[in-house]
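What follows is one structure encoded as structure tokens, with my remarks underneath.
The values are calculated or read from the model by the stated rules, or taken from the named source; none is laboratory data. In this text the structure is predicted, and so the values were computed from the model without any measurement. Backbone-built Cβ (ideal geometry, glycine too); neighbour counts: all protein chains shown. In case anyone asks, the SASA skips ligands and DNA or RNA and just uses the protein heavy atoms, side chains included. Shrake-Rupley method; radii C 1.70, N 1.55, O 1.52, S 1.80 Å.
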Amino acid sequence: GVRATVKSLVTGEETPLDADIVVFATGYSPADPLGLLGEVADRCLRDDEGRVRVERDYRIATEPGLNCGIYLQGGTEHTHGITTSLLSNTAIRVGEFLDSLLDRSVKSTSDEARPATDGTGSAVGQSPRPGSSGL
């Protein structure tokens, strides 16, 4: 058997606890998401503590020459708080990814190179696809 004393950090009260075994579960350390990116990881920016820098839209901050967007569905607790791991926020977060992608696409291309879309995939000013209402 094992006797442990549990101390409340709120009240300071100490309570003895007798147990057959003790399991030390001292915390959780999230995996570094850049481990999946190979050589591209070297072009991702980190903060002063070595953690990946994540922008408001969940996009990893990268060197200016890297044109792709890398978005994180998790592993952003250090920048976005503990709610980032909640599954109930997944749909909202994916919507933010999409808004970011569309916003960056419009900013990075000229009207001549790529026509603007109306949100349905149809180019503005063009007829809808056959069988589509265009809405």
If only one of GLY69, GLY50, GLY75 is in a loop (DSSP other than H, G, I, E, B), modelled with pLDDT of 80 or more and touching a helix residue (DSSP H, G or I) at 6+ places or on another chain (Cβ under 6 Å), which one is it? GLY75
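Please find, among GLU77, GLU49, the residue that is over 30 Å from VAL106 (Cβ atoms) and open to solvent by 100 Å² or more (accessible area, probe 1.4 Å). Spell out how you get there, then give the answer.
Numbers: GLU77 fails: open to solvent by 100 Å² or more (accessible area, probe 1.4 Å).
After ruling out the rest, the residue left standing is GLU49.
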For the stretch 44-65, which positions are under 20 Å from THR84 (Cα atoms), more than 9 Å from the chain's Cα centre (by Cα) and of a type in the set (Val, Ile, Thr)? VAL52
Does GLU112 satisfy the criteria of being at pLDDT 80 or above and either open to solvent by less than 50 Å² (accessible area, probe 1.4 Å) or not polar (S, T, N, Q) (or both)? no
How many residues, within the stretch 80-109, are part of a loop (DSSP other than H, G, I, E, B) and at pLDDT 80 or above? 2
Out of curiosity, is ASP20 open to solvent by 40 Å² or more (accessible area, probe 1.4 Å), touching a residue at least 12 places away in the same chain (Cβ under 8 Å), of a type in the set (Asp, Glu) and within 25 Å of ILE92 (Cα to Cα)? no
Of the residues in the stretch 30-43 that are open to solvent by less than 90 Å² (accessible area, probe 1.4 Å) and among the hydrophobic types (A, V, I, L, M, F, W, C), the one that is farthest from the chain's Cα centre (by Cα) is VAL40
Scanning the stretch 27-46 residue by residue, those touching a Ser or Thr at 6+ places or on another chain (Cβ under 6 Å) and either closer than 19 Å to GLN73 by Cβ or in contact (Cβ under 8 Å) with a residue 60 or more places away in the chain (or both) turn out to be CYS44
Determine the pairs where a residue that is without any contact (Cβ under 8 Å) to a residue 40 or more places away in the chain, located within the stretch 72-83, has a partner that is assigned to a loop (DSSP other than H, G, I, E, B) with Cβ atoms under 7 Å apart, the partner being 6 or more residues away or on another chain. LEU72/TYR58; THR76/TYR58; HIS78/ARG51
What's the number of the condition GLY27 fails, among (1) outside any helix (DSSP H, G or I); (2) surrounded by 12 or more Cβ atoms within 10 Å (Cβ to Cβ); (3) at pLDDT below 90? (2)
Can you find a residue in the stretch 52-68 that is over 22 Å from LEU98 (Cα atoms), of a type in the set (A, V, I, L, M) and in contact (Cβ under 8 Å) with a residue 12 or more places away in the chain? no
